[in-house]
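First up is the structure itself, then whatever we jot down about it.
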Amino acid sequence: MILLTALLFAIWVVLAGVHLGLPLFYFTWMKRRAYGKSYGLNVVGDFSYLPSLTVIVPTYNEATVISRKLRDIAQANYPKDRLDVIVVDGGSTDETVEEAWKSIKSGVVKGEVFEEAERQGKTVGLNRGLKHATGEMVCFSDAECEWDRDALRNAVKYFSDPMIGSVSGIHETRLDRKALSVRVEDSYRSVYRMLRIAESKIHSTPVAEGEIQLFRRGQFTEFDTSIGGDDTCAALCMVEKGFRSISAEDVIFYEPTPSSWKARFSQKVRRGQHVVQAFLKHRSLLRKKGIFSRVIFPMEIFLYIINPLLFPVFLATTFFLAIISLPFAVFVGIATLVAFLIPPLSKPALTHITNNLTMLMALVKEVKGEKQLVWTKIEENRSKPLAEIPVATG
Ligand code: GDP
Ligand code: MN
């Protein structure tokens, strides 16, 4: 019995080291080594570099938000004569197309609307938009998010360095602070925001955000329409081509966070699953040299794919050991209490649990072959104007 306990304990220590210790080490190391540093780029900072830019907005049943989205784009701090919009509609059954044309014809913003006869998925729409774009730069942006006024201007400046292939932004939470699900999401976001910036400062971050992502037109040409995760796919594609794909800390967008657990969970599972699809598609990057292929990408694959699989194994081992060893049960009980009652620990602890659960679910769906290339949009995110949602502080 003692031997069994000792053996199980040894296994538990190794598991804890990998499952909890490795992510903790990576996050801490990234924060120390890179977060506060510079991007190491040769950027023209005086905004003299302002190329023409086409914003591509994919839509499926976005009648309630499309005119506010076009107005938001028009309000960007960017020369009007160098900005145009392409709305690519995936066969909406509501008034999206009419609303979009109405805004364009009334002169809110220069642009065009392309319609698909039926819904074929976001990437099909984005490919169509890319074909018709005429700007020197292209920017993808989802319909229900909004940008900080300087987001475009700030993003474009990074392209004055030829090393940069993709620039994405940082999510600033506008939320109803009362909802616990939103607070948990916010804590997850703050941890990952640090990671995205730190990885970008070292070289590149593999995960980008569809709310704002820019490229030089012609450098990124086509999405694989058989998988989701367009943003992450495009970021990895640019790294494969030898560029850097970054998330820039001064490129800020606002996106409502669903306050119902169900909506948030389904969105996170789908997004997580799409990240997995993109990672697997670009797995050959692991065979390349350099810090992205040797450290950043393997660690991200660990965080998104391997560690969620270890989660149930770790829980089961902990549970079993606690049953056969009272001292261990007491130790685990106290450690859990401490982790959840002390705020600086409860944030990462909650993030860890919700992340691993969502990713586990995402992996199950992926294995079952449910690709989720088309999905039900989250109505709650379109219900009230973002400007009416208070900006979170802290
Ligand atoms: P989420 O932010 O991950 O919850 O995803 P959304 O539901 O907001 O979708 C992202 C963007 O893609 C939105 O602007 C949608 O209107 C758009 N979209 C979703 N499905 C399709 C589609 O089948 N075709 C086109 N053209 N756009 C789509
Ligand atoms: Mn969205």
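The values are calculated or read from the model by the stated rules, or taken from the named source; none is laboratory data. Everything numeric here is computed off the predicted structure, so don't read it as measured data. Here the Cβ positions follow ideal geometry from the backbone for every residue, glycine too, while neighbour counts run over all protein chains shown. For accessibility, only protein heavy atoms count, side chains too; no ligands or nucleic acids. Shrake-Rupley method; radii C 1.70, N 1.55, O 1.52, S 1.80 Å.
The rows are residues; the columns are (1) within 16 Å of ligand 1 (Cβ to nearest atom); (2) at pLDDT below 95.
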residue	(1), (2)
V156	no, no
P162	no, no
H171	yes, yes
S190	no, yes
S204	no, no
Only one of these conditions is not met by E112: (1) among the acidic types (D, E); (2) within 16 Å of ligand 2 (Cβ to nearest atom); (3) open to solvent by 50 Å² or more (accessible area, probe 1.4 Å). Which number is it?
(2)
Could you tell me which numbered condition E300 fails, if it satisfies all but one of (1) within 25 Å of A16 (Cβ to Cβ); (2) of a type in the set (D, E); (3) within 16 Å of ligand 1 (Cβ to nearest atom)?
(3)
I'm told L50 meets every condition in (1) modelled with pLDDT under 95; (2) open to solvent by 60 Å² or more (accessible area, probe 1.4 Å) except one. Can you identify the failing condition by its number?
(2)
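Within region 1-23, identify whether any single residue is farther than 30 Å from T96 by Cβ, free of Cβ contacts under 8 Å to residues at least 24 places away in the same chain and among the hydroxyl-bearing types (S, T, Y), and answer yes or no.
Within region 1-23 (the criterion being farther than 30 Å from T96 by Cβ, free of Cβ contacts under 8 Å to residues at least 24 places away in the same chain and among the hydroxyl-bearing types (S, T, Y)), the answer is no, since none of the residues qualifies.
Considering every residue within region 78-86, establish whether at least one is more than 30 Å from T351 (Cβ to Cβ), outside any helix (DSSP H, G or I) and within 16 Å of ligand 1 (Cβ to nearest atom).
Yes.
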Sole exception among (1) more than 16 Å from ligand 2 (Cβ to nearest atom); (2) under 21 Å from the mean Cα position of the chain (by Cα) for A133, by number
(2)
A278 meets each of (1) at pLDDT 95 or above; (2) surrounded by fewer than 17 Cβ atoms within 10 Å (Cβ to Cβ) with one exception, condition (2)
Among the listed residues K80, K131, K69, which satisfies the condition of being closer than 23 Å to F215 by Cα, among the charged types (D, E, K, R) and in contact (Cβ under 8 Å) with a residue 60 or more places away in the chain?
K69
Consider D230 carefully, then state whether it is crowded, with 22+ Cβ neighbours inside 10 Å, out of contact with any strand residue (DSSP E or B) (no Cβ under 6 Å at 6 or more places or on another chain) and charged (D, E, K, R).
yes
Quick one: is M359 modelled with pLDDT of 95 or more, open to solvent by less than 40 Å² (accessible area, probe 1.4 Å), within 16 Å of ligand 1 (Cβ to nearest atom) and not hydroxyl-bearing (S, T, Y)?
yes
Considering only residues that are within 16 Å of ligand 2 (Cβ to nearest atom) and of a type in the set (S, T, Y), look in region 63-98 and name the one that is surrounded by the fewest Cβ atoms within 10 Å (Cβ to Cβ).
T64
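Residues checked against (1) open to solvent by less than 20 Å² (accessible area, probe 1.4 Å); (2) within 17 Å of the chain's Cα centre (by Cα); (3) touching a residue at least 12 places away in the same chain (Cβ under 8 Å):
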| position | (1), (2), (3) |
| --- | --- |
| H171 | yes, yes, yes |
| A198 | yes, yes, yes |
| S204 | yes, yes, yes |
| G210 | yes, yes, yes |
| L214 | yes, yes, yes |
| T225 | no, no, yes |
| A234 | yes, yes, yes |
| D250 | no, yes, yes |
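List the helices (runs of 4 or more DSSP H) inside region 223-330, counting only whole elements, that have at least 2 residues being touching a His at 6+ places or on another chain (Cβ under 6 Å).
Numbers: elements: 230-240, 261-281, 297-301, 307-324.
Per the criteria, 307-324.
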Among the numbered conditions (1) at pLDDT 95 or above; (2) open to solvent by less than 40 Å² (accessible area, probe 1.4 Å); (3) among the charged types (D, E, K, R); (4) within 12 Å of ligand 2 (Cβ to nearest atom), tell me where E255 comes up short.
(1)
Would you please name the residue that is nearest to ligand 2 (Cβ to nearest atom), looking only at residues in region 151-169 that are within 20 Å of the chain's Cα centre (by Cα) and open to solvent by 10 Å² or more (accessible area, probe 1.4 Å)?
N154
Only one of L309, L373 is within 16 Å of ligand 1 (Cβ to nearest atom), open to solvent by 20 Å² or more (accessible area, probe 1.4 Å) and more than 22 Å from S190 (Cα to Cα); which?
L373
